[in-house]
Amino acid sequence: MLNLISAAASEQQHLALVSIDTGTIVFTLINTLIIFLIFRIFLFKPVCKILDRRKEMAAAEIDEARKAKEAAKKAEEEYTARLADAKAEASEIMKQATLRAQKREEEIVGEANRKAAEIRTKAEESIERDKQRTLNEIKDEISEMVVLAAGKVIEKEISASDNEEIISKFLEEVGTATGSGS
């Protein structure tokens with residue numbers, strides 16, 4: 001009997017565990033609703049606010065990155081334009097420098113040619129003077145010899161006017177002989 005009682009008690013307990021109690025269900029639903037509202041107020045809304053702020057920050061960062069990319073592209077275009085301008089300017093400077101160097105070279109060559117012509121002219125003049133001086137010295141020596149030779153040949157004294165006449169004729173003959181020979 002004891003077994004029966006204990007089996008009956010055990011069965012009753014077993015049935016009590018499986019039974020549906022409306023009070024417990026209502027209480028559980030109210031507890032669940034309260035927990036849901038607490039989570040909704042204290043957890044869900046702040047988390048949503050944080051997520052919205054993060055989304056706004058991400059959108060702002062994306063916008064800033066887009067603006068920075070546009071600015072970088074614009075700066076690159078400006079840099080490229082400036083670089084092209086600098087290359088053109090450098091090319092123009094090199095062209096001008098080359099032209100100035102060529103002009104200076106022509107001036108230097110012209111000046112050198114002019115100085116060479118002056119030196120040549122002076123040298124020719126100097127040679128001509130030396131030639132005339134040498135010819136005059138030769139004429140003087142020849143006239144002295146002629147006078148001596150003529151004095152010995154004639155054995156008489158020649159007057160100054162006769163002497164001048166003889167010297168002039170001799171010099172004319174010597175001048176034409178040396179002038180045609182050179």
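Conditions tested, residue by residue: (1) more than 15 Å from the chain's Cα centre (by Cα); (2) among the acidic types (Asp, Glu).
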site: Glu64; (1), (2): yes, yes
site: Asp85; (1), (2): no, yes
site: Ala88; (1), (2): no, no
site: Ile93; (1), (2): no, no
site: Arg104; (1), (2): yes, no
site: Arg114; (1), (2): yes, no
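The rows are residues; the columns are (1) farther than 30 Å from Glu164 by Cβ; (2) among the charged types (D, E, K, R); (3) free of Cβ contacts under 8 Å to residues at least 60 places away in the same chain.
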position	(1), (2), (3)
Ala60	yes, no, yes
Lys67	yes, yes, yes
Ala71	yes, no, yes
Glu77	yes, yes, yes
Arg100	yes, yes, yes
Arg104	yes, yes, yes
Ile142	no, no, yes
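Does Ile30 fit the bill of being assigned to a helix (DSSP H, G or I), surrounded by 10 or more Cβ atoms within 10 Å (Cβ to Cβ) and at pLDDT 95 or above? Working first, answer last.
Working: assigned to a helix (DSSP H, G or I): yes; surrounded by 10 or more Cβ atoms within 10 Å (Cβ to Cβ): yes; at pLDDT 95 or above: yes.
Against the criterion (assigned to a helix (DSSP H, G or I), surrounded by 10 or more Cβ atoms within 10 Å (Cβ to Cβ) and at pLDDT 95 or above), Ile30 qualifies.
Quick check: anything in segment 93-101 at pLDDT below 95, of a type in the set (Ser, Thr, Tyr) and in a helix (DSSP H, G or I)?
Residues of segment 93-101 at pLDDT below 95: 93-101.
Subset that is of a type in the set (Ser, Thr, Tyr): 98.
Adding the requirement that they be in a helix (DSSP H, G or I) leaves 98.
Scanning segment 93-101 turns up at least one residue that is at pLDDT below 95, of a type in the set (Ser, Thr, Tyr) and in a helix (DSSP H, G or I).
The values are calculated or read from the model by the stated rules, or taken from the named source; none is laboratory data. These figures come from a predicted structure and were not determined experimentally. All Cβ positions, even for glycine, are placed from backbone atoms using ideal geometry, and neighbour counts span all protein chains on display.
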